[in-house]
Structure formats: structure tokens, C-alpha cells
Amino acid sequence: MSDPQATALQLRPPRNRYDRRVVAWWRWSAICWTAVIALPLVILGIIVAPARIWLLVPAAVVIVIGGALAVALPLWWYAKHRWEVTEHAVYTRTGYFWQTWRVAPMSRIQTVDTTRGPLQRAFGLATVVVTTASAAGPVSIAGLDDEQATEIAHDLTIVTNATPGDAT
Amino acid sequence: MSATEEESPTPPGADGGPNPEDWHTLDPRTALVTAILLFAIFAGSSVLIVPPIWLQSDAGPAALAWCVAGTVLITVGSAVADHLRWRTTRYRLTDTRLEMHGGILFKRRRSLARERIRNVDLTANILLRAFGLVRLSVGTGEKVSESEGQSIVLDPISRAEGECLRTDLLRRAGAVAADPAAETALAVWSPRWVRYVPMSVFTLLIAAGAAGAVFQVAEWFGVPELPVEWARSLADRFGAWPALLGAIVVFVVAGAIGMTALGLESWWNYRLERGAGVLRVRRGLLTSRSTSFEESRVRGVELVEPLGIRLAGAARLDVLATGMRADAEKQEAATLVPGSPREVPLAVAERILGASLPTDLRPHPRAARDRRLFRAALVIVGLGAVVGVLVVAVRPTAFWTSVLIVAAVVGSVIAVAVAVDGARSLGHALTPDHLVARRGSVRRSTAALSRPGIIGWRIRQSVFQRRVGVLTVTATTAASRGRYSVVDVGSATGLDLADEAVPGLLRPFLEPVGADAEGVGARGD
């Protein structure tokens, strides 16, 4: 439109990948979730003899699917998740089946937080959460090295504090 | 604690305000109003409870005594409590802040900076109106999780004082010179709009609720079989189909009557005014409501055409404003123009946007329609499967089998119609000031979002969308729902649209198609 339709445009991937350790974190998350669902089924299956087959078969299915996800998906996600912080905006790409690109301009950022889940902490990772005034949810970069995350959050806070206005 | 609400350690009047005598009380009649309200509720229920007991057993006098004692106790008790609340509550308006303190057990001070006040609402139920009182609620229009986060409620004060405060609170420094009487009416209620009120899905919901209520009441009276017997005798007398259709008609008519009554109560005397940078909606038959908010909060409008009133050539207009919650129960608060002939909301939209809402929107590619038809096909397969399973498993009578089949066929036709219509609704446009996006069939919505009000982009593409070259471009905003989407737009068109709507924001992240997509970017820096 602004260009006379000479070349069609597409979104380029953000420049940075997540920290490599994110693969292990995602894997262990998948394993934990699988265990949370499968363990009660297995235990009940052992205790409750008459219903054994009805409990152990679903447990086996959950374990097989969860295991497959834990092995394959994180590698795929790692290839697809990207992030970038420029002078003017935070830019992320997440997901594969529903690939999502998000752009939040510096001038509209309200708060910048870092969060660390227990499992994340075990891998030395952190999430940077960038909130704007929109109800559409924050932009988060969920797989950065702990120190790097702190640094980015610090820099972002300085930049956004320097911007006047109430960001709406 | 946020910036606008501060706990102040100083006692009232001692913090160097203009004048300690400036502290006002609420209206003293509040105790009387509370007493009348509770007396009416409890005396009313007593009238319903006592006579049946008196007639059916000899416990009548005892029941009467309990009801009278309870009514008196609660009426007097609540009046005393409310009087105490009145005695402890004070408020004042200084040059810079609106302050209130009070509370019987827990003393609370609340203070809002006047420059941050964005909306002032006045409501008065029929009892308050009889006494010439109103409830005034002031907010900063900021999103807070707790409903009492950043607001002050004065309940009640006299109507004159309420109007006076409203004008004072919303008068901005720059607008002092403006004549407060210079409010122009943008739209005024016409009794003919009543006909659009029942054309809503809520009519069907009320109808379904009424049907359910019949069974519930029958159960209370110990005759749960009664409605079924009625239905059976009606079916015997008139035949099964006429009885079923007749019952549907009766309940829908009942729903329409209920809906009309609710709509009349809400919107009677509706009036939209604009003056000195403030928009004000006034409405209500029994409970009068007045909502005022600053125009500086407005980020656009949304023309909403639910299927029912759209077929009748009518539409509603909602405002997109920061701090305006758009959840179901708050939706009425965001409505600028209720269901009325399309020209009315369109004219108001033109006055508020400063330009008319474009009608020639750019349609979306064929793939968008195919996606909707595919979903309709899934619905049809699903309906067929459900009917098939029910017929095989439950083996209903021939009549109920045909009812199921008719319902499935009607459902399938509706699914296809909604798909085709929904695809036709899709469209977008970019005006000098606004991004316009239209979507939806059952609830068609045309949102015009001010371009400076866009505070980010979310672009999303599922695997299926990727295969057919469309994506969904969502503009995020601080106003109302927080995001407005251009759905299933051609990939290149959608990105161009976003790039042009907010110059410079998306451009650094775009590249020509065919550039090495995944090669860039090593880990870290």
C-alpha cells in the first residue's frame, strides 16, 4: 500500500533464539505434567483391582503421548521461538500450530517484570514479561538466561521510564 | 497502593486544605431510605409467608409474631447502622483532589486526584428518586482488578449537589471557559425503538428460562408431573406438532414481553449529550442512570449489529474508551446508542469520529469463506453424528425422531448461512484517523479504532491459515476489550495494513517474501 505493491512483504523472524537450556526445561515440564496425570492413574490401578485395565490403559496412553511430546516438541519449539528487543519495540514469535508474532512499542510499555518458576530456576532460566495497557495480555519472553533477563528488564525499564505519557 | 489513592495519616481538616469547614456529609435521609427499603422487602415477604401458614395450620399467630418482630428488628437495626455510617462519612472537593473518609469499624480515607478523574456516574433507583437523591460514583477509568480500587462512591447525596459535583469534577483546566449549559444532544430516545428490544437472543434465553421455571414451580408445589401431563393432554387434543410449535410460540412471546420490559426500564428517556469535552448518557425508567466520561478517553466506536436487529435495519453503537470494561455486565455502560435505525448510530459515529464510518470495506480473500464453510461442514457432520447416535441408542418414538431430524436440518442450514454471511461481513479499511475492521454474523461488529490508540500488534497464523495464505492481524489497545482483529485477511494485505496504520512500528520487522527466513539469528547476541 505505502509501497506500490512491488514486493509483497512477510514478517522476518526476530533475531534471537531462546537460551539452549530452554529445551531441557520444556522437556522436564512435559515430564512433570505427564507424571501429574499418569501417577494417580497408575497408583489407583494398582490399588483398585477390578478397574485395573480401565486405569492402566489410559495411564499408558498418557505416558506414551507425554513422552513423545517431551522428546520431540521442545526441539521444534526451540527452532520456532524467537525474540528481539530493538531501540523502538519488543518483538517476539511463538508457537508453531498457532504461530504468533507480537510487537509492543517502547512508548506503550507500562511495566517490565521478570518471573522465575521453580523448575525454571533449576535450569537458571527466567521469563521477561512486558505489559502494555491492553487487556490482550502481556508479551513474554519465556526462556532467557537468568542474568540476561535481569539485564533486559533493567534496560527496558530505563527506556520506558524515559518515555512520557500514560501509554494508553 | 497506587498513585491516586493514598492513605493519609493526617486527620480531616488538618492537612492544610483550603478550609476545614469544606467537609460535607452525605444526605441525612439515607437512614430513612434504607429503613423504607428493608421494611418494604421484609413486610412484603411476610405478607406472602403468613397467610398460607395461618390457613393451613394453627401456627399462624406465631408465624405472624416472628415476621413482625423480624421486620421491626431489621428495619430499625439497618436504619441505625446506616445513620452511623452517615455520621462518620465526610467528603470534600479541594482544588486538586476529591477526598472521602469514613467507616464505622474500619476508618478509611480515600483520595482521588481531580486531574485523573475520568468518569462520573449518577444513579438513582425509584426510592432515591422519590426523595430527590442520587448515588454518585467517581472513577479514574483505570483498569483495576478490585472493583473498589480507584473510585469514590457518595451514596446518597441530593440530586442538585450531585449535578453540581459532576460538572465541577469533569471541568478541565482548559475547558473552564466553556459554558456548561452548552450540551448538545447527539441522540434522543424515540419510543419507536422499543420494537428492536425483543429482537435479541436474550428473548430466547428468557423463553428457555420461563420453560424451566414452570417445571421448577411445579416441583415446589409437589406436582412435578403436572407440566408433562399438560403437554400430553395438549398433544392429544391438538396433535403433537401443533402442540410443540404452540408451546414454542407461547414461551417466545413470554420472553419477548420480559425482554421488552427490561429494555424499557434500561433505555426509557435515553439521551446522549456532548458538552465541554464530556460525553453523557442518560437513561432509565424506574432507576435513572447518568454516565459521563471524558472524550479524551475515546479511542473509537464499534457499530454492533446483532442478527435480530440487523435484519430489521437497526444497529447499536458502543464506545471504545480506555478504562471501559467490556465484559457482559458492563456492556450497557459502554453503549452510546441503543438498538435504533442504522442512520442514528451512524450519525452519532460520524460526530464522534469526525468522519463517517466507511461503508466500502475491502473484502477478504475466498480462503476466508472456505474456512468458514469447512467449519460449517464440521458442525453438520457433528449434528448428524449426534442424531444418529441418539436414534440408534435411545430408539425414540417416530415423533421425537422427526423432531431430532428437523432440528438437525435447521441447525445445518443455519450453520451454512452463518458461514456465508460471516465471510461476507469480513472487511477492513484504513481512514486517515482510524483502522476499521468488520467481522461476525450473529453479532456483526464494525470497530473503528483510532490509529494513535493502537499500542501494539499481535499477528497470528495457524497452520491451516498458513496453507491458504491468510492471517489474523490484531491491534491491541487500552480501550474496552483491549484488542480488535482483522480476521483472515490475505497475508501481504494484512501486513501492509498494519504497517501503514501505525507508521514505523512494524516496518523494521518486515522483509520481502522469499528472503532467507530461518537463516538469521544466532543464539544470544
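The values are calculated or read from the model by the stated rules, or taken from the named source; none is laboratory data. Keep in mind it's a predicted model, so treat the numbers as computed, not measured. Don't worry about glycine lacking a Cβ; one is built from the backbone with ideal geometry, like all the others, and counts go over all protein chains shown.
Taking the stretch B:297-319 as the region of interest, how many residues are within 18 Å of B:L435 (Cα to Cα) and not in a strand (DSSP E or B)?
Just the residues of the stretch B:297-319 that are within 18 Å of B:L435 (Cα to Cα), to begin with: B:297-304, B:317-319.
When the remaining residues are screened for being not in a strand (DSSP E or B), the result is B:297.
Here the count works out to 1.
Quick check on my filter: what residues within the stretch A:99-133 are free of Cβ contacts under 8 Å to residues at least 12 places away in the same chain and within 14 Å of another protein chain (Cβ to nearest Cβ)?
Residue satisfying the conditions is A:T100 alone.
In this structure, does B:A62 turn out to be in the same structural domain as B:R135 (by TED's automatic domain parsing), loosely packed, with under 14 Cβ neighbours inside 10 Å and not β-branched (V, I, T)? Show your work before the answer.
Numbers: in the same structural domain as B:R135 (by TED's automatic domain parsing): yes; loosely packed, with under 14 Cβ neighbours inside 10 Å: yes; not β-branched (V, I, T): yes.
Considered against the rule, which asks whether it is in the same structural domain as B:R135 (by TED's automatic domain parsing), loosely packed, with under 14 Cβ neighbours inside 10 Å and not β-branched (V, I, T), B:A62 comes out as yes.
Conditions tested, residue by residue: (1) within 17 Å of B:S441 (Cα to Cα); (2) under 32 Å from the mean Cα position of the chain (by Cα); (3) in the same structural domain as B:H434 (by TED's automatic domain parsing); (4) exposed (fewer than 15 other Cβ atoms within 10 Å of the Cβ).
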site: B:V348; (1), (2), (3), (4): no, yes, yes, no
site: B:L357; (1), (2), (3), (4): no, yes, yes, no
site: B:R371; (1), (2), (3), (4): yes, yes, no, no
site: B:V389; (1), (2), (3), (4): no, no, no, yes
site: B:T397; (1), (2), (3), (4): no, no, no, yes
site: B:S402; (1), (2), (3), (4): no, no, no, yes
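Of the residues that make up the stretch A:40-60, is at least one within 14 Å of chain B (Cβ to nearest Cβ) and assigned to a helix (DSSP H, G or I)?
no
So in the stretch A:56-95, with the set limited to residues that are aliphatic (A, V, I, L, M) and in contact with a strand residue (DSSP E or B) (Cβ under 9 Å, 6 or more places away or on another chain), which one is farthest from B:G504 (Cα to Cα)?
As a first pass, look at the stretch A:56-95 and keep what is aliphatic (A, V, I, L, M): A:56-57, A:59-65, A:68-73, A:75, A:79, A:85, A:89-90.
Filter once more, so that each one left must be in contact with a strand residue (DSSP E or B) (Cβ under 9 Å, 6 or more places away or on another chain): A:79, A:85, A:89-90.
Numbers: A:A79: 28, A:V85: 15, A:A89: 10, A:V90: 13 Å.
Out of the qualifying residues, it is A:A79.
Could you look through the stretch B:480-506, keep only residues that are surrounded by 24 or more Cβ atoms within 10 Å (Cβ to Cβ) and assigned to a helix (DSSP H, G or I), and pick out the one that is nearest to the chain's Cα centre (by Cα)?
That would be B:A498.
Yes/no matrix, rows are residues, columns are (1) aromatic (F, W, Y); (2) under 24 Å from A:W28 (Cβ atoms); (3) under 15 Å from the mean Cα position of the chain (by Cα):
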site	(1), (2), (3)
A:Q99	no, no, yes
A:T114	no, yes, yes
A:Q120	no, yes, yes
A:Q148	no, yes, no
A:E151	no, no, no
A:V159	no, no, no
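For the stretch B:442-454, state whether one or more residues are closer than 16 Å to B:L495 by Cα, within 14 Å of chain A (Cβ to nearest Cβ) and either modelled with pLDDT of 95 or more or surrounded by fewer than 23 Cβ atoms within 10 Å (Cβ to Cβ) (or both). Quick ask: steps written out before the conclusion?
Looking only at the stretch B:442-454, we keep the residues that are closer than 16 Å to B:L495 by Cα, and these are B:451, B:454.
After this cut, where a residue has to be within 14 Å of chain A (Cβ to nearest Cβ) as well, the list is B:451, B:454.
Filter again for either modelled with pLDDT of 95 or more or surrounded by fewer than 23 Cβ atoms within 10 Å (Cβ to Cβ) (or both), leaving B:451.
Checked the stretch B:442-454: at least one residue is closer than 16 Å to B:L495 by Cα, within 14 Å of chain A (Cβ to nearest Cβ) and either modelled with pLDDT of 95 or more or surrounded by fewer than 23 Cβ atoms within 10 Å (Cβ to Cβ) (or both).
Would you mind finding the one in B:T88, B:T75, B:T140, B:T94 that is of a type outside the set (A, V, I, L, M, F, W, C), within 14 Å of chain A (Cβ to nearest Cβ) and at negative phi? Write out each step before concluding.
Working: B:T88 fails: within 14 Å of chain A (Cβ to nearest Cβ); B:T75 fails: within 14 Å of chain A (Cβ to nearest Cβ); B:T94 fails: within 14 Å of chain A (Cβ to nearest Cβ).
Exactly one of B:T88, B:T75, B:T140, B:T94 is of a type outside the set (A, V, I, L, M, F, W, C), within 14 Å of chain A (Cβ to nearest Cβ) and at negative phi, namely B:T140.
Can you name every one of the helices (runs of 4 or more DSSP H) wholly within the stretch B:363-470 that holds 3 or more residues which are among the basic types (K, R)? Lay out the reasoning, then the answer.
Details: elements: B:366-394, B:398-425, B:463-468.
Fully inside the stretch B:363-470 and qualifying: B:366-394.
Can you find even one residue in the stretch B:234-248 that is small (G, A, S), surrounded by 13 or more Cβ atoms within 10 Å (Cβ to Cβ) and within 30 Å of B:L346 (Cα to Cα)?
The answer is no, given that none of the residues of the stretch B:234-248 is small (G, A, S), surrounded by 13 or more Cβ atoms within 10 Å (Cβ to Cβ) and within 30 Å of B:L346 (Cα to Cα).
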